[in-house]
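Read through the structure below, which is laid out as structure tokens, and then see the notes.
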Amino acid sequence: MSYRTKLPGGAPWRGATAFRPISRALVLTAGAALLLASPAAAEPPKPNPGQLEAAVRAAMLAQNGAQAKKDYKTDSLPEPVVETQRTAGSDWAFGTATLPAPTTTPEAPRTALFVAKRTDGRWRTELQGGSGFAELAKQAPDSVVDGEEKNLFAKVVRAEQTDYARAEATQEGSGKPPEGKPGGAAGEADGPRGGLDTGLGLPWSKGMAWRLGGVHGNTGSSLPMNSIDFFGGDGQVRAAAGGRLYKSCQRGDSALVSVVHDNGYTTTYYHMTNLTNLANGSRIQEGTYLGRTGTRLPCGGSANGNHVHFSVKRGNREVPVAGKTLGGWTFFQGGGQYQGGAERGNQRVAAFRGNITNFGSSGGNTPPPDAGKPPTDNNRPKPPDNKPKPPDNKPGNKVAKGTVDSGRYAGINLRSGPGTNYEVRTRVRTGQTLNIACTARGESIQGLWGRTNLWNKLDNGMWISDGFLNTGSNDPVAPACDAGDKPKPAKDDAPKPPADKAVKGTVDSGPHAGVNVRGGPGTRFAVRTRLRTGQTVNIVCAARGENIPGVKGMTDRWNKLDDGTWISAGFVNVGNNGAVPACR
């Protein structure tokens, strides 16, 4: 059986199977050529396109069909577009599969790489994002998936398996991850202003400013909000980081472009024109030219005004851009689609209201978030620690050393105790050498080499997770700390009013898995716990704090609870339970 995939109007997709009449003379000529050709000149067998495309389409619909129907708000989907890019004999194939988007709404297509192997006449097809993709790619001949691609796809799978991937949905409603814990995998790694440093830049030249569009879902109405529209500047769209480039739905001078990056992320670029002529699978660098902003729709959807629809995925799983740092800016989402914006240090730019400069994948020199602010209990300089430090080279009591390794993150937090509920004192970066005074067991977090509850107390009195300090061993390399060396987290010892006098509220986390409860009225305060939708809280009083987007919009109102912790009023519904008094 043969499959034909066509665009509206009858033009076949590039790479899809199409048939044309063949003249008798041409058949006779071809037959003569076959008789004269030697066996060595015969072409190697190729996969049956009908069988292969049917298998890939079935896999694409099985893995993505249900979610696509929900996002596209339809009961039927167009036939997936299958574009085979490489083959080996008749038993191996590699390429892209894409679900076109409806043309009536601002949705974007869904695409995935595939690798397929035929055994006993049946095709096994694995899609990017599936559990068997990297494993089958590893088995493929190098002519189908080269060695570098095999390593790259394996890296992506490892990245998806970390706690970081599982923690995406637990971000606070503001889109910011827990302070000091932007994600489970690097629980201690921060980007500018506390955002998770993705190691990605923005999709244009470094040092240039473009107009910021809104944060939204890939379909313009779906969750998570993993996409941003950008426009203006010189109009030249460039790769956000290095990786391997793949095109799908290529038609004329436009296509949906995907770049699989070495750090586990995949970025996609849509609506472009004047597309790069680089071949599929090309190794590219950050800033490589991809195309120009436009309104092209090679695979469906709609567009108004020249722009690039830029999306971020973890492997092939859509992840929210809120709380993540790209190009030196930490993005946040608003109360609805095409809202939100970005912040850098003390600068905050709302969607469609300003330009942002691309500082590249390294993020540039980000000003500290508290620069220019009056001192508070949280940013006031700490008095010097005058306690004697352990001698560095005393025989029998030599201080152990470790080297910081922050992986793909901007830096690692040093804290006042062995856990993320302790105050952040400073940050250190990859390559710095630290002196370890003693070790203790504390909060278990995911480090670069796996989960660990081992923490190292340094000679300056601060603590760092062993998961980000290379000591040459997974075991303690310094003596155990005395009981008095392990501080207790600060507690609010203020008298608490009776619960029956507190105003009751109900948590509403909206589309998020939970809401952070903090040590103060802002995201710079340590996370004490998390609450989920439906839980009841006792509110003692309210105060003005950091302005963040809640379920019903932006608010700077924070509620203090009867246990001394704080929660944004944007995620608490008090209904008719009474007015909340102001904190004194």
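The values are calculated or read from the model by the stated rules, or taken from the named source; none is laboratory data. Everything numeric in this text was worked out from a predicted model, so none of it was measured. Heads up, the Cβs are rebuilt from the backbone with ideal geometry, glycines too, and the neighbour counts pull from every protein chain shown. Note: accessible area is taken over every heavy atom of the protein model, side chains too, but ligands, DNA and RNA are not part of it. Shrake-Rupley method; radii C 1.70, N 1.55, O 1.52, S 1.80 Å.
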Counting only protein heavy atoms and rolling a 1.4 Å probe, one gets per residue an accessible area for segment 263-336 in Å² of 27
Spelling it out for A241: with amide H atoms placed in the peptide plane at 1.01 Å from N, the residues 5 or more places away or on another chain with amide H under 5 Å from its amide H are G201, G287
Distance from the Cα centre of segment 433-481 to that of segment 564-584, in angstrom?
39
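Would you please report the Å³ per residue occupied by the convex hull of the alpha carbon atoms in segment 207-257?
Values: hull volume 6.4 nm³, N = 51.
Per-residue hull volume (Cα only) is 125 Å³.
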Where does the charge balance sit around L223 when Lys and Arg score +1, Asp and Glu -1, over other residues with C-beta under 11 Å from its C-beta?
-1
Cα gyration tensor shape for segment 77-167, rounded if a/c is under 1.5, else prolate or oblate:
oblate
How high is the FRET efficiency between F352 and S282 when r is their beta carbon distance and R₀ equals 45 Å, given to the nearest 0.05?
0.85
C-alpha center-to-center spacing [segment 268-306, segment 500-563] in angstrom
42
Filter the cross-link list K155/K313; K117/K138; K247/K313; K155/K457; K69/K138; K206/K324 down to pairs whose alpha-carbon distance in this structure exceeds 20 Å.
K155/K457; K69/K138
Taking alpha-carbon centroids only, segment 307-365 lies from segment 202-255 a number of Å equal to 11
Between A513 and D562, what length comes free when the chain is fully extended (0.36 nm per residue of separation minus the Cα-Cα distance, one decimal in nm)?
15.3 nm
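Under unit Cβ charges (Lys, Arg +1; Asp, Glu -1), what dipole magnitude, rounded to 20 debye, does segment 209-294 have relative to its Cα centre?
Working: 7 positive and 5 negative charges, 32 e Å.
Its charge dipole is roughly 160 debye.
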Express in nm, to one decimal, how much length is gained between K70 and M554 on full extension, taking 0.36 nm for each residue of separation and deducting their alpha carbon distance.
171.4 nm
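What FRET efficiency do you get for W449 and D142 if R0 is 35 Å and r is their Cβ-Cβ distance, rounded to the nearest 0.05?
Values: r = 30 Å, r/R0 = 0.87.
About 0.70, to the nearest 0.05.
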Interchain or long-range residues, amide H under 5 Å from T533's placed H:
S509
Around W204, which amide H atoms from residues at least 5 apart in sequence, or from another chain, sit under 5 Å from its own amide H, with H modelled in the peptide plane?
R238
In order over segment 526-543: 3J(HN,Hα) from phi, Karplus 6.51/-1.76/1.60, θ = phi - 60°, whole Hz, x for each Gly or Pro, gives 5, 6, 9, 6, 10, 10, 10, 3, x, 6, 9, 10, 9, 9, 7, 6, 10, 8
